[in-house]
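Read through the structure below, which is laid out as structure tokens, and then see the notes.
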Amino acid sequence: MSNSNKIDEEIFYPSEEVIQQARLKNWNDLADFAAKDLEGFWEKEAEELEWYQKWDKVLDDSGKPFFKWYTGAKTNIVLNAVDRHQKTYRKNKLALIWVGEDGDVRTMSYFALNREVSQFGNVLRAMGIQKGDRVTIYMPRIPEIIIAMLACAKVGAVHSVVYGGFSQDALQERIDDSQSKLVITADGGWMNGKIVELKKIVDASLRKCPSIESVIAVKRTGHDVRMEPGRDYWYHELIKLPIANGFCETEQMDAEDPLYLLYTSGTTGKPKAILHVHGGYMVGVYTSLKYVFDLTDQDRWWCAADPGWVTGHSYIVYGPLLMGATTFMYEGAPTYPYPNRWWALIEKYGISVFYTAPTAIRGLMRFGESWPKKHNLTSLRLLGSVGEPINPEAWKWYHRVIGNERCPIMDTWWQTETGSFMITPTPTVPLKPGSGTRPFFGQEAEILDEEGNPVPDGEEGNLVLKNPWPSMMRTIYKDPDRYVEQYWSKYPGKYLTGDSAKRDKDGYYWIIGRVDDVLKVSGYRLGTAEVESAMVSHPAIAEAAAIGLPHEVKGQAIHVYCILRAGYNGNDELNEELIQHVAKHLGPIAKPEKINFVDSLPKTRSGKIMRRVLKARAQGLSEGDISTLEE
Ligand code: WT7
């Protein structure tokens, strides 16, 4: 839900207790330092981490917008997330607490994590995976997804995690684009009491993926799956082999060497692979988690996202482990078997910092306060929100019912591309529900009109970032031109976010939403073009246009307008068939809310569908400038 046109002036101040606890009492101390000395700030942060070899230069902008950070340095994110903890008391503390939807529990100390990551790293090397090779990971939320990511990073392979909620076309496209040699998956995972058939989807995708040499499957559910001899291997068998011992050398990587690819939706049908690197990404994620959630190694941190999205990469896996904290992960649905599952987990495991998305809060709000009220949530000290604007109503519920009015809410604005928080408060900053407050240390934002002039405070415009930052994407994999074109050409020298926003008189930023053809459905990013191409792959559909319309829980829901081919009838049966078709090809998250059968679509004279016009019509709003419309 967007909070456009409304700027809420209610302000929440931190309590004495929050200020007492906070590592950073005064935002300005660091903001001023970073504003004066950007490189100095990021050098100081980097010095808190381990490097095999230090950098020659903190920031190299000679090839901008292809910025480089910590050039000349050698490290590996695993050196800091796992290896260095072995030398301290953290060796014996919990790195991970995991709860399955079915009630299974697994915990791992940093020692155990290192051991299993090393074992699996040895397996990867034995299978011929080398530095720079791409590996696709398509898994449920189980401990092995974390182990797989870390093992890839450890041996210098580039992981490409595909969210388990995507289906065969999405997976196939991503495997093919990355030219992965290996897929790591599972027989399935538990979600809402049912098995998600991941292995089956992998098998279907691999019919069209010649780059894949082998598949490794984790046995999670134990139900029957087909294993192709000579191609498919069980994880639990591989890690019992003598080669899979617990000693595995961590590959020394250049700071600028790729760590992972993560596909995200843009304006075209083809998802783009955002590339992040070992050095700068590590520093950005570490620094942001340290100041924003004030994380220490005393914390039990729960980021309730999925590792398949950037939120999970940065803040389930890498960030908390870089901090030496305990990261908590739950496999299943928040409402299974009852709508108190999350609250029960917070109580049982003493979660101290909890980070989720507005759509989840709105969804759980519907079940009423009695569910969280059954639980003692006093272990919480901070809350977080991410993924889309949080409407003030949901913010206040979260603050009052979950945080008991004690816990500040860190509304963190960022993107797959930014790698870490870009507009965000820290715990002692006064909060306004629905605003992520101000740009993080070292960053400056601007709101520009189409000509590139800053708009006056209170007016809407395009949000841009002015300064480079260490965890920024380095390029779009295999498509550097698109990187320059998409992010750096509308306003040369400034990073175009694709969001519209307003700034208020106190300098607080209010995100309104995407200005491009990107949808945010339950916080998930999807391109209208991807939904449209899934639709037209059905024989009944000649043409389709997808738009997002406001939805009470999901934020946005997908509405499709389509023209049928001759001989088809737009009846209920076809409607249902099309919804299932999209789910099968793209994934359940992309299911249209409503399909409308129409005779024509609004188009420009050059034949581009004017989704903006469809959207305005659906909401009974003015159609705006339609001078280019030719219906
Ligand atoms: C888009 C990026 C980065 C983590 C998850 C999403 C929207 C993200 C907020 C927020 C308002 C937000 C923006 C952004 N967004 N966080 N706190 N308030 N909007 O990553 O899938 O790359 O999506 O999510 O529209 O551009 P992503």
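Some points to look at:
- Of all residues making up the stretch 176-214, the number that are closer than 15 Å to Ile145 by Cβ and β-branched (Val, Ile, Thr): 5
- Taking the stretch 231-285 as the region of interest, the strands (runs of 3 or more DSSP E) fully inside it that hold 3 or more residues being among the hydroxyl-bearing types (Ser, Thr, Tyr) are 258-264.
- Matching residues, the stretch 290-302, being in contact with a helix residue (DSSP H, G or I) (Cβ under 9 Å, 6 or more places away or on another chain) and in contact (Cβ under 8 Å) with a residue 60 or more places away in the chain: Lys290, Tyr291, Phe293, Asp294, Thr296, Asp297, Arg300
Condition check ((1) modelled with pLDDT of 95 or more; (2) within 16 Å of the ligand (Cβ to nearest atom); (3) touching a helix residue (DSSP H, G or I) at 6+ places or on another chain (Cβ under 9 Å); (4) part of a helix (DSSP H, G or I)) across all residues:
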| position | (1), (2), (3), (4) |
| --- | --- |
| His313 | yes, yes, yes, yes |
| Val317 | yes, yes, yes, yes |
| Pro320 | yes, yes, yes, yes |
| Thr327 | yes, no, yes, no |
| Thr335 | yes, no, yes, no |
| Lys348 | yes, no, no, yes |
| Tyr355 | yes, yes, yes, no |
| Ile361 | yes, yes, yes, yes |
| Pro372 | yes, no, yes, yes |
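- Residue tally, condition among the β-branched types (Val, Ile, Thr) and over 30 Å from Asp203 (Cβ atoms), over the stretch 573-628: 6
- Taken across the stretch 394-403, residues that are open to solvent by less than 10 Å² (accessible area, probe 1.4 Å), out of contact with any helix residue (DSSP H, G or I) (no Cβ under 8 Å at 6 or more places or on another chain), of a type outside the set (D, E, K, R) and in a loop (DSSP other than H, G, I, E, B) do occur, with at least one present.
- Val158 vs. criteria at pLDDT 95 or above and open to solvent by less than 10 Å² (accessible area, probe 1.4 Å): yes
- Gln443 meets each of the listed conditions (1) polar (S, T, N, Q); (2) within 16 Å of the ligand (Cβ to nearest atom); (3) within 26 Å of Met610 (Cβ to Cβ) apart from (3).
- Test for Lys591: is it under 34 Å from the mean Cα position of the chain (by Cα) and closer than 17 Å to Ile547 by Cα: yes
- For Ser379, the criteria (1) within 16 Å of the ligand (Cβ to nearest atom); (2) surrounded by fewer than 19 Cβ atoms within 10 Å (Cβ to Cβ); (3) in contact (Cβ under 8 Å) with a residue 60 or more places away in the chain hold in every case but one, which is (1).
- Qualifying residue in the stretch 268-280 (condition: of a type in the set (Ser, Thr, Tyr) and crowded, with 24+ Cβ neighbours inside 10 Å): no
The values are calculated or read from the model by the stated rules, or taken from the named source; none is laboratory data. Keep in mind that what you see is a predicted model, and the values were worked out from it rather than measured. Cβ atoms come from the backbone with ideal geometry, glycine included; neighbour counts cover every protein chain shown. For accessibility, only protein heavy atoms count, side chains too; no ligands or nucleic acids. Shrake-Rupley method; radii C 1.70, N 1.55, O 1.52, S 1.80 Å.
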